[in-house]
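Laboratory data are not the source of any read-out in this text; all were calculated from the coordinates shown. All figures in this text were calculated on a predicted structure; none of them were measured in a lab. In this analysis, Cβ positions are derived from the backbone assuming ideal geometry, glycine residues included, and neighbour counts consider all displayed protein chains.
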């Protein structure tokens, strides 16, 4: 009897998580429903975002009251989010792998906890601290050194050609995102590497593998699932990062980035920066359209996770267990 | 005791819980004790008004120990929304509420507390000590991308004899919702019909795509971005006068409705306010931008307290009323010792009367 109460409590607690997830989805859909009706597919494909004239009398469009000239297109923010997160991952994954391998294989076991702790501490730094650092240190550095040098070295690739801009934009945002993602990926991967049994490693050595080959050909394939999981975890952090990106992105509006130095806006940071003005819309359509952005961001996060599960065969394994 | 501590040490979770309970135990009574016999007011909204409230509140509450006022800088839109929702007793806003908002919330008052102004600043190495002349159409051209270089014919025409560089202009705008964006875009809209028809005005507007243009957060972000980027231009609240000077930025002389180019100072800001005193309606919702008059600086605005006429109870209503009456009084809140610190201008006498009349209707 005691056991069954215990089980019941656990069941309730566990079901809280999917229920909360579902509740968010239902709330966002319900709240943004009038915006979904008003915006249609244009929402995802439009490059223009305008709250319209909030001081004129609202007009009726398809039976919905909206401000004059309101136009909500978020392609710019979707692109800003995806491109900055992808560049951040491209930068962060090799670094994280290197650090994780070093932590797992390169340091004496005695000092490993100290180094791991430092990596985990990095993961716990609030994002606004990274943002402030990026604002004060990284932006001038990118504007005066990194961007001109990159344009000089890689200028033959259109994406890297100038104009190099002001430091605010895709490059700075991606660099700070990469910095925030590295500890997340490193911590997970190094833990997985340390979990590999000694026998497995020794088997690889017994076959005459060099140390590098043991890591590269035996250990990394063994933790493939954890590795992809770690990358998705990092991607999740990058997609949703708000404050640091807001401070560095340059707040692009109504145009797509044409090179890596161009200002951008991401979905999360745009919601944060626009909410205050959206509250001034007496029809409420602006806030509901922001909620629709949140819904799209939510769906992107879910899709990314599902793809990751499929890649790692996670669904099949869960069933077998 | 030692045993107890070592026991705690072995259980980090228990240790954390104990710390949390201790914190709650200390913080709880601290908050509770003051809530018991004091009236709590929450002020939230405009980050431009926030420094002024922070000068006012300590002095006011020292003289009125029965009132506790919490101040928050959250943005004008939030200030209005939370005053309407009844979360904040005083919402601070750089912009007055629209007709549409008033229709939905007819009990809300828009009460001017002071007058603020805005400067247009630029960072052109070698020219930052020169006050360039700029007008609305030229600024609209820069912010819509039609005017790309500092030596564009339109800018040269306004500034004969000044050698302007052939450099790309970097227009900087506010990314966050802002009363500064509101009054700047109103200046462009009222002076330039094409801007009015395409972009219009608001606390966040749909900035035309200008390659090289950047968005910055808050007035400090605007100062920093223009300091870091030579050949940039920005619009900055006059409260940041000291920061602008420290950053070595140039300040433009702006064309007013009468066609004269002026810098903001108490005389020109006061002149613009005086022009619109007679036109200010009883509910005081009016734009002061692009005022008529020879000596009127074109970008000034009322800073508003957004207050619900009907407060939760008479105690709260009395506290709000008394604080706001103190704030608009020229002997107290509107005295130079407060307003000079943030470069605001006190309310003209007739506007004070209108504000007082509105404040007295709070119940």
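Considering only B:272, B:282, B:252, the Gaussian network model of chain B with Cα springs below 10 Å gives its largest mean-square fluctuation to B:282. A quarter of the convex hull surface defined by the alpha-carbon atoms of segment B:175-222 gives 3.3 nm² as the mean projection. Helix A:170-194 and the longest principal axis of the Cα set of chain A meet at an angle near 30°. Across segment A:1-81, Cα-Cα distances exceeding 17 Å account for 65% of all pairs. Over chain A, dividing the summed -39,500 (n - 2.57) contributions of all DSSP H runs of at least 4 residues by the number of residues returns a 222 nm mean residue ellipticity of -20000 deg cm²/dmol. Pairs of alpha carbons in segment A:257-305 separated by more than 18 Å make up 44% of all such pairs.
Shape class of chain B from the alpha-carbon gyration tensor: oblate, with a/c at 1.5 or above and b/c at least as large as a/b.
Between A:54, A:297, A:207, which gets the highest mean-square fluctuation from a Gaussian network model of chain A, Cα cutoff 10 Å? Highest fluctuation among the options: A:207.
Here the residues B:152, B:66, ranked from fewest to most Cβ neighbours within 10 Å of their Cβ, fall in the order B:66, B:152. log₁₀ I(q)/I(0) of segment B:180-316 at q = 0.17 Å⁻¹, via Debye over equal Cα point scatterers, no solvent, to two decimals? Per q value, in the given order, log10 I(q)/I(0) is -1.06.
When only alpha carbons are used to place a centre, segment A:158-174 and segment B:233-284 end up 35 Å from one another. Please give the Cα centre distance for segment A:15-78 versus segment A:199-270, rounded to the nearest Å. That distance is 31 Å. Three principal axis extents of segment A:78-200 based on alpha-carbon atoms, in descending order, are 54, 31, 28 Å. The ranking of B:62, B:350 from fewest to most other beta carbons within 10 Å of each one's beta carbon is B:62, B:350.
Helix A:75-101 axis versus longest C-alpha principal axis of chain A: approximately 10°, rounded to the nearest ten.
Each stretch of four or more DSSP H residues adds -39500 (n - 2.57); spread over every residue of chain B, this sum gives -13000 deg cm²/dmol at 222 nm. GNM remark for chain B: springs join alpha carbons under 10 Å apart, and the peak mean-square fluctuation among B:103, B:129, B:337 falls on B:103. Kindly identify segment A:166-247 as rounded, prolate or oblate by the Cα gyration tensor criterion: order the square roots of the eigenvalues as a ≥ b ≥ c, call it rounded if a/c is under 1.5, otherwise compare a/b with b/c, prolate if a/b is larger, else oblate. Taking the square roots of the gyration eigenvalues as a ≥ b ≥ c, segment A:166-247 is prolate. Taking the C-alpha atoms only, the angle from helix A:2-31 to the longest principal axis of chain A is near 40 degrees. Most tightly packed first, judged by the mean number of other beta-carbon atoms within 10 Å of their residues, the peptides A:226-235, A:42-51 read A:226-235, A:42-51. Here chain A has an Rg and Dmax of 23.4, 80 Å, counting Cα atoms alone. Averaging the sequence gap over all C-alpha pairs within less than 8 Å and six or more residues apart, then dividing by the number of residues, gives chain B a relative contact order of 23 percent.
Taking every alpha-carbon pair within the protein assembly as shown, the share separated by more than 36 Å comes to 50 percent. Give the shape of segment A:27-133 as rounded, prolate or oblate, defined through the alpha-carbon gyration tensor: a ≥ b ≥ c are the square roots of its eigenvalues, a/c under 1.5 means rounded, and otherwise the shape is prolate if a/b is larger than b/c and oblate if not. Prolate is the answer for segment A:27-133, as a/c is 1.5 or above and a/b outweighs b/c.
If r is the Cβ-Cβ distance from residue B:361 to residue A:26 and R0 is 30 Å, what FRET efficiency results, to the nearest 0.05? With R0 = 30 Å, the Cβ-Cβ based efficiency is 0.10. Exposure proxy for A:309, B:156, A:288: other Cβ atoms within 10 Å of each Cβ, ordered fewest to most, give B:156, A:309, A:288.
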